[in-house]
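A short worksheet on the structure shown next.
The values are calculated or read from the model by the stated rules, or taken from the named source; none is laboratory data. Note that the structure is predicted; figures quoted are calculated from it, not measured. Heads up, the Cβs are rebuilt from the backbone with ideal geometry, glycines too, and the neighbour counts pull from every protein chain shown. Just the protein is used for accessible areas: all its heavy atoms, side chains included, with ligands, DNA and RNA removed. Shrake-Rupley method; radii C 1.70, N 1.55, O 1.52, S 1.80 Å.
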Amino acid sequence: MADRISTLVMFGATGDLARRMLLPSLYGIDSDGLLPDGLRIIGTARTELDDAAFRDRADEALKEHLPEGFFSAGVAQRFLSRLHYVTLDISQSSGFEKLAEAIGDPCHGVGIFLSTAPSLFKPTIDGLAAAGLACPTVRMALEKPLGSDLESSRDINDAVAAHFPEDRTFRIDHYLGKETVQNLIALRFANSMFEPLWNSAHIDHVQITVAETVGLEGRADYYDGAGALRDMVQNHMLQLLALVAMEPPSDFDATALRDEKVKVLRALRPIGSADAEATTVTGQYVRGAIDGAPVPGYDEELGRDSQTETFVALKAHIDNWRWKGVPFYLRTGKRMPVRETEIFIQFRDVSYSIFASRGATTRPNKLIIGLQPEESIELRLMAKTPGLDRQGVRLREIPLDIGLANAFSETRRRIAYERLLLDLVEGDPTLFVRRDEVEAQWIWIDRIRAAWSEKGIAPRPYPAGTWGPSAAIALTERDGISWHE
């Protein structure tokens with residue numbers, strides 16, 4: 001599927017995601033001349049607007065959310081001229097008919113970006129199909145959440161598959177659009193020094209941390225029904241784990257890459273009620289302070305009592321030849337001390353140190369891949385401290401640090417959605433999630449949630465501005481390991 005589309009339809013075009021991410025991303029692609037000539041972008045939502053009003057809103061969004069100095073009146077004029085708007089109430093078939101009329105002949109290629117509540121996926125898909133917008137030249141991109149468990153996810157995927165086969169379905173995980181995530185693939189498979197060491201014989205453990213300083217941020221209804229495990233671990237963190245742990249794909253294409261990811265997800269050791277207390281920690285933030293400013297607790301922000309977890313730490317294992325015995329520690333939470341997403345890989349220490357007789361101590365090498373707020377790759381190595389060594393050899397850990405913003409200073413830092421929207425336009429599904437991946441993720445997550453329920457495991461309180469409950473520290477310390485902070 002390599003043909004470009006001629007029309008891109010955005011559901012939820014007046015929402016926060018469109019304002020902060022989608023419209024600025026499409027502007028960025030257009031500024032590089034990568035959108036096809038004549039591509040129309042049709043926004044749709046329940047809000048009553050005409051084309052001019054939608055363009056005014058888009059113009060405001062670009063000026064507010066584009067990086068400083070990137071807005072160009074000339075590029076904006078060209079981009080805004082692509083925008084059109086159709087008011088659509090999903091419960092009314094007339095709205096889909098108006099949308100079909102605005103699109104015209106779908107044989108010229110249509111991409112649909114669907115971001116909606118899970119309960120609205122099926123009626124939206126059915127409405128599109130009834131209006132003739134599910135033909136073989138139409139692609140469907142789905143933004144999360146794709147259900148709340150395996151059963152509801154299958155219901156959504158079945159509804160989509162009834163009209164859009166897998167090769168025309170693009171499930172979005174925006175983490176896969178991040179440059180550093182793609183650089184993880186390049187780091188492993190474009191450098192001969194890493195792959196021979198990328199296994200249990202040389203790697204001691206892996207940590208993946210996604211820390212947020214924010215609280216609910218207007219997402220109270222969704223988040224309280226989801227919690228950290230389903231909101232962050234089920235999709236973003238398991239995708240990162242799969243990319244770290246997968247076998248080398250035969251090619252950098254959609255089938256080969258996703259085949260290897262799903263093998264990892266299916267090899268995740270189930271966490272059941274017998275080991276949930278020893279391998280998982282769940283928490284919820286209470287009042288605290290971040291950067292010296294007081295912040296309310298979760299229940300205060302929500303306005304009611306809740307047992308929803310805002311923090312999760314897990315110890316996972318992958319039961320295959322490459323990773324036997326290597327723990328993968330996952331940690332995510334809201335109201336953490338810093339905003340940070342990183343992959344931390346600690347190698348095993350040297351098997352024998354020739355420097356021990358000289359009083360020197362070695363430390364294991366570490367590879368740290370930073371995704372946000374800054375994109376970086378850091379390799380920590382042992383080096384000799386300069387000197388004549390009359391008091392013994394002194395070794396010190398030193399970083400080889402590559403800040404991608406500096407290494408590629410001539411290249412504009414992109415929003416993750418730019419890559420994904422362009423891939424949707426061009427029909428490249430490599431960085432999108434396949435159905436069997438989604439279901440493998442849900443199977444693992446549902447078992448954890450069932451174990452929590454069976455064992456009566458409730459979130460432990462932790463002050464906002466800290467790294468979660470003390471039990472999260474014990475999760476790694478029992479293995480002689482500390483979280484990288």
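Tabulated data for the structure shown
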| read-out | value |
| --- | --- |
| Residue match in segment 412-423 (condition: part of a loop (DSSP other than H, G, I, E, B), at pLDDT below 95 and buried (at least 21 other Cβ atoms within 10 Å of the Cβ)) | yes |
| Yes/no for I29 being assigned to a helix (DSSP H, G or I), open to solvent by less than 70 Å² (accessible area, probe 1.4 Å) and either out of contact with any strand residue (DSSP E or B) (no Cβ under 9 Å at 6 or more places or on another chain) or within 28 Å of R413 (Cα to Cα) (or both) | yes |
| Among the candidates G218, G227, G147, G177, residue that is in contact with a helix residue (DSSP H, G or I) (Cβ under 7 Å, 6 or more places away or on another chain) and at positive phi | G147 |
| Complete set of residues in segment 194-213 that are part of a loop (DSSP other than H, G, I, E, B), more than 17 Å from the chain's Cα centre (by Cα) and either under 29 Å from M336 (Cα atoms) or modelled with pLDDT under 95 (or both) | F194 |
| Subset tally (residues that are surrounded by fewer than 16 Cβ atoms within 10 Å (Cβ to Cβ), touching a residue at least 12 places away in the same chain (Cβ under 8 Å) and among the aliphatic types (A, V, I, L, M)) for segment 350-373 | 1 |
| Sole exception among (1) in contact with a strand residue (DSSP E or B) (Cβ under 9 Å, 6 or more places away or on another chain); (2) open to solvent by less than 20 Å² (accessible area, probe 1.4 Å); (3) of a type in the set (D, E, K, R) for K178, by number | (2) |
| Count - residues of segment 167-193 that are polar (S, T, N, Q) and not in a helix (DSSP H, G or I) | 3 |
| Residues located in segment 428-459, provided they are part of a helix (DSSP H, G or I), more than 21 Å from A274 (Cα to Cα) and not aliphatic (A, V, I, L, M) | R435, D436, E437, E439 |
| Cross-chain or 6+ apart pairs with Cβ under 6 Å, segment 7-24 first and under 17 Å from E48 (Cα atoms), then of a type in the set (F, W, Y) and surrounded by fewer than 23 Cβ atoms within 10 Å (Cβ to Cβ) | none |
| Per-region count, segment 300-319, residues crowded, with 16+ Cβ neighbours inside 10 Å, at pLDDT 95 or above and not small (G, A, S) | 9 |
| Checklist (1) at pLDDT below 90; (2) surrounded by fewer than 18 Cβ atoms within 10 Å (Cβ to Cβ) applied to F121, failing item | (2) |
| Answer residue from segment 150-166, given it is open to solvent by 50 Å² or more (accessible area, probe 1.4 Å) and part of a loop (DSSP other than H, G, I, E, B) and is nearest to G427 (Cα to Cα) among those | P165 |
| Unmet requirement for D224, which otherwise passes all of (1) part of a helix (DSSP H, G or I); (2) open to solvent by 70 Å² or more (accessible area, probe 1.4 Å); (3) modelled with pLDDT of 90 or more | (2) |
| Contacts under 6 angstrom Cβ, first residue in segment 429-455 being touching a residue at least 40 places away in the same chain (Cβ under 8 Å), partner of a type in the set (V, I, T) and in a helix (DSSP H, G or I), 6 or more apart | D436/V262; E437/V262; A440/V262 |
| Every residue from segment 460-485 that is touching a residue at least 24 places away in the same chain (Cβ under 8 Å), β-branched (V, I, T) and either assigned to a helix (DSSP H, G or I) or surrounded by fewer than 17 Cβ atoms within 10 Å (Cβ to Cβ) (or both) | T476, I481 |
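Results for (1) outside any loop (DSSP other than H, G, I, E, B); (2) open to solvent by 60 Å² or more (accessible area, probe 1.4 Å); (3) free of Cβ contacts under 8 Å to residues at least 24 places away in the same chain, shown as yes or no for each residue.
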site: L34; (1), (2), (3): no, yes, no
site: R55; (1), (2), (3): yes, yes, no
site: D59; (1), (2), (3): yes, no, yes
site: P67; (1), (2), (3): no, yes, no
site: I90; (1), (2), (3): no, no, no
site: F96; (1), (2), (3): yes, no, no
site: A100; (1), (2), (3): yes, no, no
